[in-house]
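Structure, as structure tokens:
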Amino acid sequence: GEDILRQLYTLAKDGSISLKIVQNNTNKDTTLLESVGAEVRTPDFERLMHGGILHTKMWVADNAHVYIGSGNFDWRSYTQVKETGVLIEDCPCLGEDAAKIFEVYWYLGKPDSHIPQHWPANLSTSINMSNPTMINYNGTKGEVYISSSPPPLCTTGRSQDIDAIINVIRSAKKFIYISVMDYLPQILYTEPIVYWPIIDEELRRVAFNSGVKVYLLASHWKHTLVDMYAFLRSLDELHTTKHHKIDIHVKLFTVPANASQEKIPFARVNHSKYMVTDQHAYIGTSNWSGDYFKYTGGVGFILRQADEKASNLRQQLVQLFLRDWNSVYARYVYSF
């Protein structure tokens with residue numbers, strides 16, 4: 001973390017690049033960068049959306065290189081938290097598209113900004129769920145697009161993040177593997193607190209009706225929400241039905257910590273937010289509860305690669321998930 005901060009400080013100070021940062025809250029590191037030339041904005045999501053936060057974790061460089069993933073830009077995310085992200089290099093088509101999402105945040109960071117009824121046409125996109133772009137990734141081809149949430153921040157043509165997730169689930173033919181820190185089918189943080197079963201019902205449906213294998217890996221740590229256990233047990237219980245062979249299982253992943261690591265606040269957790277199926281890879285920035293898709297700023301990277309070449313990104317995610325699922329750090333939900 002310190003190394004990255006030093007490099008950004010040097011680049012901003014010598015003026016060799018334009019450095020723009022949109023953040024959820026002010027902090028001393030971005031204040032330091034601002035003092036040497038970086039431009040920093042902080043959208044007020046409470047005012048703009050009546051709830052939610054800016055939860056996106058995305059870098060865009062020269063409109064050609066993009067990072068999207070679960071990692072906050074915080075030293076703990078680099079050393080003390082388990083994260084998953086994707087790096088796209090030398091791809092102007094996706095770089096320019098991601099930059100349009102950044103420009104939405106940048107606009108909202110202006111004082112007294114408001115969410116327009118119609119976003120400017122230059123922020124619209126033709127790359128979406130209905131019209132993904134074809135890219136070469138690690139020598140293999142795939143169809144790609146970037147989704148966004150919440151809906152009021154989606155410009156013309158932009159696929160909503162929740163729609164992308166549901167489409168990935170519905171497109172699966174054999175299996176769905178999910179790794180996400182929080183999984184609760186409800187609105188958690190914004191009144192009214194209501195049931196929000198969109199993802200949960202879809203997982204149950206494909207497991208029951210189509211025989212798709214569903215493995216869900218949530219996170220167990222100091223701040224696990226107690227209600228999550230009940231929802232996860234309910235989902236896991238489906239595999240015990242007598243009259244239907246339903247292959248749906250839930251585990252929780254615990255990142256080990258020694259005595260000194262336990263003292264680090266908000267660390268030692270599997271913070272990933274991804275899903276991989278026999279058809280798609282999805283890497284996002286949102287936890288899976290309703291707030292993140294209705295009120296909170298987030299993005300998702302969706303790649304369709306149906307082949308099974310070991311070098312492709314989808315297959316890498318399969319291997320990553322199965323490594324964690326079969327490790328000593330993952331335990332079935334009924335053991336908690």
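Just so it is clear, none of the values below were taken in a lab; they were calculated from the coordinates. What you see is a predicted model; the values in this text were computed from it and never measured. Cβ sites come from the backbone with ideal geometry, for glycine too, and all protein chains shown count toward neighbours.
The table for this structure:
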read-out: Net charge over other residues, Cβ less than 14 angstrom from the Cβ of residue 193 (K, R count +1; D, E count -1); value: -2
read-out: FRET efficiency, 1/(1 + (r/R0)^6) with R0 41 Å, evaluated for residue 166 and residue 28 via beta carbons; value: 0.55
read-out: Residues whose placed amide H lies under 5 Å from that of residue 300, excluding near-sequence neighbours; value: 147, 148
read-out: Packing-based ranking, highest mean first, of 187-200, 37-50 given that Cβ atoms within 10 Å are counted; value: 37-50, 187-200
read-out: Rounded to 5, the percent of DSSP beta bridges in the chain classed as antiparallel; value: 65 percent
read-out: Convex hull volume per residue for the range 21-117, taking Cα atoms only, in Å³; value: 122 Å³
read-out: Magnitude of the charge dipole, the chain, Cβ model with Lys/Arg +1 and Asp/Glu -1, debye to 20; value: 900 debye
read-out: R0 of 41 Å, Cβ-Cβ distance residue 226-residue 126: FRET efficiency to nearest 0.05; value: 0.40
read-out: Net charge contributed by nearby residues that have their C-beta within less than 13 Å of residue 263 (K/R +1, D/E -1); value: +2
read-out: Paramagnetic reach from residue 208 in the range 215-248 [backbone N under 20 Å; point 7 Å along Cα→Cβ]; value: 215-216, 230-248
read-out: Per-pair calculated FRET efficiency, R0 = 41 Å: residue 336 and residue 14 via Cβ, rounded to 0.05; value: 0.20
read-out: Nearest 10 degrees, 0 to 90: helix 161-171 Cα axis against the chain principal axis; value: 40 degrees
read-out: Using alpha-carbon coordinates, inclination of helix 198-210 to the longest axis of the chain, degrees; value: 40 degrees
read-out: Additional length obtainable on full extension of the chain from residue 156 to residue 328, 0.36 nm per residue less Cα span; value: 57.4 nm
read-out: Per-peptide average of other Cβ atoms within 10 Å, ordering 294-302, 209-217, 22-30 highest first; value: 294-302, 209-217, 22-30
read-out: Stokes-Einstein translational diffusion, the range 259-336 - Kirkwood Rh over all Cα pairs, 0.890 mPa s, 25 °C, in µm²/s; value: 164 µm²/s
read-out: Cα-only radius of gyration and Dmax that characterise the range 192-336, units Å; value: 16.3, 50
read-out: Candidate lysines - alpha carbon under 27 Å from residue 141, same-chain residues fewer than 8 apart omitted; value: 57, 100, 173, 174, 213, 273, 309
read-out: The range 248-292 residues near the modelled residue 135 label - backbone nitrogen below 19 Å, point 7 Å along Cα→Cβ; value: 273-277, 279-286
read-out: Other-chain or far-sequence residues with amide H under 5 Å of residue 248's (modelled H); value: 214, 239
read-out: Shape category assigned to the range 228-304 from the gyration tensor of Cα positions, a/c cut at 1.5; value: oblate
read-out: Length-normalised contact order for the chain - Cα pairs under 8 Å, 6+ apart - percent; value: 21 percent
read-out: Selected from 171, 286, 70 as most flexible by GNM, with the chain as the system and alpha-carbon contacts under 10 Å; value: 171
read-out: Percent of C-alpha pairs per 10 Å bin, the range 104-201, short to long; value: 12, 33, 35, 18, 2
read-out: Order of 36, 168 under a 10 Å beta carbon neighbour criterion, fewest first; value: 36, 168
read-out: The chain: most fluctuating residue of 319, 261, 305 per GNM, C-alpha cutoff 10 Å; value: 261
read-out: The chain - Rg and Dmax from Cα coordinates, angstrom; value: 19.9, 69
read-out: Highest-fluctuation residue, 270, 131, 258 considered, GNM on the chain with Cα pairs under 10 Å; value: 258
